[in-house]
Amino acid sequence: MRRQGPPSRRRRAAVNGLLILVPTALLITGATFAVASILGGSDPSTCADGTPRTDLTITTAPSLAVPVRALAAAYERAHGDQNGPCPTIRVQAAPSDRTLDAVARASPSAASIPDVWIPESSDWLALGQESASAAPKLPLRATTIAASPVVIAMPREMAQHLGWPEHHLTWAELAADAGVPGFWATRGQPAWGDFRFDMANPDSSAAGLRAVIGIVSAARGIAPADMSTGTFDQDRTAQATTVRLERLATWLPTYDSLLFDAERTTSVPGGGRPPSAFPALESDVIAYNRSLTASTNRASRGSTLVAQYPSDGTFTASVPYIVLTHTSETDAKRTVAASFLDYLGTDTGRQALSDAGLRTPAELAGRDDPAGLADKLTITDGIRTTAPKVAGVDASDSVLGTARRFFRHARQRGATIAVLDTSASMRLPLTDQPRRTRLQAASDTAVAGLQVIGPTSDLEIWQSAGALPEGHRVLSPMASLAAPASTGAGTHLDELTSLARSLRTGGATTLYSTVLAAVHDRQRHFTPGRLNEVIVITDGILDDPTGGPVGSGGGGRDASDTLASGEPTLDQTVEQLHAGYDAAHPVRLVIIGCDPAANATALQRLAAATGGRAYVAPDATALFGIYADTLTTAR
């Protein structure tokens, strides 16, 4: 068996995987010995020498529960009557994300956390090491007891149509194919519809997380080992790839088992065909195919799956045996935990784990193992006999953590009011483009921004100008961008795009009163679980940062740059925003100055009163940066 290096450095040769959800239940094997002891007349709470028995609790990923439970029972039978320490091993199954959360929340010696944790992938140990609350309870190293490559699972007929087994889909091809409308029709299979890409949520799926790493790696042209925390925190291309991937996924279930269930029943929530492809563990593909073979209900079973091994990112989920720190501090528990680990490495242990579709450590290293998986495979298993080679250096813990967090951010949707300033000054030319007006720049910015926002975000659009009776008006009410338009054909997105192109200027500025009204409106109609924001597109601030009148700030302004009668000053507006802030219903103000001469200092002061930010004259690329900042800085 192989020791895994400290997760905080680049060193893990094997990586991530995915878990299959089964009902979380306590699977107790210690009762076997207890019943035998009672029937035999001995005390079930003591060893043969009268010393107390040692209780060892093990939490495994659901997909590992059956072989670990069987091995624990066999180990107890072999060691139950010896002198102390003798074991009572209790095995419980729980999804690895839940176990990590429990470890992070619990005190170091809490009974709610296990003595030994066996997740389906060492990535969970790496993620735990990145958690300030979980890391003290976890070891730096863990022993690999088995492994399973991360693959792209695909119905056999579809895979063969794309050249399998000679050609294996890459991460780059997966992302590209999923974005092609009518993909299968262009390949002579119209009945298959679009290339449907689904994946389990990377927040709770190791295979899903590795798909994010693989697809971003392919898009950026950098190896996972060369990624840094900045890849997902700062690299706009990597962030844009992640956002696109999140939107490509038609369905994002919590756990991988639901994807296999969809293939088995040929149905998915919301209707449609099951996925054309999804990231998975090789061992789960084997388990799924074998379950179909064993099924007696031939009429309703789904298609068999095959494993595709992407050449542009080969990952292996190493199954770690994690002895928690509180266990290591107790001699008896430490002894039993170490002894059971040794048992898992015997022929019996390796045989049971490979029977469950897992590769043994020897196979992972490229060596033959009589107790391994290779000799047990059949053509219906749909996988390669030989495990793929993996890179000697892998993505660091911090990269896994930042990738997981940014994908979580990418899933956020907005409830946004977009305000377009159409006061008279907006008809003036841009200071750096005399033939283009500020309103044209504002409209172009709005239209480009609509393409960046997720199609399932909610948005309404306001107009701000002194020529309007109340200084502002709602042009189109709040609705999902994908919803039908309130007037005419098309979607709400189409409607907003048309409105942004059709506005006219007029009147003094009512920007400050409109900002206050829009923020207050969002607070009153706050949408829980969404990013509640007000985005303002204007040419700039019309009085100086101290609240005085328009002066020598320049910027190409003229007499039309005047505040409407009764309009608050900048100081008054900032004061009211501070006073009206509601921590329970936070609404953030984002201001975009479409003219390069906009007063960035004043804009930022206004936005910062709500925790927001201001930007001046962003181009199309910078607009995505604004969106990414909005996602990652949400309160």
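The values are calculated or read from the model by the stated rules, or taken from the named source; none is laboratory data. Please read all numbers here as calculations on a predicted model, not as lab measurements. Quick reminder, even Gly has a Cβ in these numbers, built from the backbone with ideal geometry, and neighbours come from all protein chains shown. All accessible areas refer to the heavy atoms of the entire protein, side chains included, with ligands and DNA or RNA removed. Shrake-Rupley method; radii C 1.70, N 1.55, O 1.52, S 1.80 Å.
Nearest 10 degrees, 0 to 90: what angle lies between the long axis of helix 96-105 and the longest principal axis of the chain (Cα atoms)?
It works out to around 80 degrees.
Would you pull out the residues with amide H under 5 Å of residue 617's amide H, same chain only if 5 or more places away, H placed 1.01 Å from N?
Correct list: 593, 594, 595.
Just want the answer: with Cβ charges of +1 for Lys and Arg and -1 for Asp and Glu, which residue in 415, 142, 366 is farthest toward the dipole's positive end in the chain?
So the residue furthest toward the plus end is 366.
Could you provide, to the nearest whole Å², the per residue accessible area of the stretch 197-323 with probe 1.4 Å?
31
With θ set to phi - 60°, apply the Karplus curve 6.51 cos²θ - 1.76 cosθ + 1.60 along the stretch 586-595 and write out the HN-Hα couplings as whole Hz, x wherever there is a Gly or Pro.
Residue by residue, the stretch 586-595 yields x, 10, 9, 9, 10, 10, 10, x, 7, 9 Hz.
Which value, in debye to the nearest 20, gives the size of the charge dipole of the stretch 220-370 about its Cα centre, when Lys and Arg are +1 and Asp and Glu are -1 at the Cβ?
600
Normalised radius of gyration for the chain, please: alpha carbon Rg relative to 2.2 N^0.38 Å, two decimal places.
After normalising by residue count via 2.2 N^0.38 Å, the value is 1.16.
Out of residues 5 or more away from residue 153 or on other chains, whose amide H comes under 5 Å of its own, with H placed 1.01 Å from N in the peptide plane?
Result for residue 153 returns 278, 280, 308.
Around residue 317, which amide H atoms from residues at least 5 apart in sequence, or from another chain, sit under 5 Å from its own amide H, with H modelled in the peptide plane?
Counting only residues 5 or more places away or on other chains, the set is 15, 148, 150.
Tell me, in nm to one decimal, what length is gained between residue 579 and residue 48 on full extension, where the rule is 0.36 nm per residue of separation less the Cα-Cα distance?
Computed gain between residue 579 and residue 48 is 183.9 nm.
To check you understand DSSP bridge types, tell me what percent of the beta bridges within the chain (both residues inside) are antiparallel, rounded to 5.
45
Using helices alone, I'd like the mean residue ellipticity at 222 nm for the chain: each DSSP H run of four-plus residues gives -39500 (n - 2.57), total over residue count, nearest 500.
The helix contribution divided over the chain gives -10500 deg cm²/dmol.
For the stretch 48-58, just list the computed ³J(HN,Hα) in residue order, Karplus coefficients 6.51, -1.76 and 1.60, θ = phi - 60°, integers in Hz, with x standing in for Gly and Pro.
The phi angles translate into 4, 8, x, 6, x, 5, 9, 8, 10, 9, 10 Hz.
How far, in degrees from 0 to 90, does helix 397-410 lean away from the longest principal axis of the Cα atoms of the chain, to the nearest 10?
50
Over the stretch 356-512, with the other protein chains present, what is the accessible area per residue in square angstrom, probe 1.4 angstrom?
Per-residue value: 42 Å².
Quick check for me: using +1 on Lys/Arg Cβ and -1 on Asp/Glu Cβ, what's the dipole size of the stretch 348-504 about its Cα centre, in debye to the nearest 20?
Its charge dipole is roughly 420 debye.
Under the Kirkwood approximation for Rh and a Cα-based Rg, what ratio Rg/Rh is obtained for the stretch 176-307?
Result: Rg/Rh = 1.01.
Kindly write out, for the stretch 461-476 in residue order, the coupling ³J(HN,Hα) from the Karplus curve 6.51 cos²θ - 1.76 cosθ + 1.60 (θ = phi - 60°), rounded to whole Hz, with x marking Gly and Pro.
Per residue, the Karplus-derived 3J(HN,Hα) values read 10, 10, 10, 10, 5, x, 6, 8, x, 9, x, 6, 7, 8, 7, 8 Hz.
About its Cα centre, how strong a charge dipole does the chain have in debye, to the nearest 20, once Lys and Arg get +1 and Asp and Glu get -1 at the Cβ?
640
Go through 459, 475, 502 and say which Cα lies farthest out towards the positive end of the charge dipole of the stretch 442-504; charges sit on Cβ, +1 for Lys and Arg, -1 for Asp and Glu.
Checked the options; the winner is 502.
Enter the angle in degrees (range 0 to 90, nearest 10) between the Cα long axis of helix 30-40 and the first principal axis of the Cα atoms of the chain, meaning the one along which they spread out most.
Helix 30-40 sits at roughly 30 degrees to that axis.
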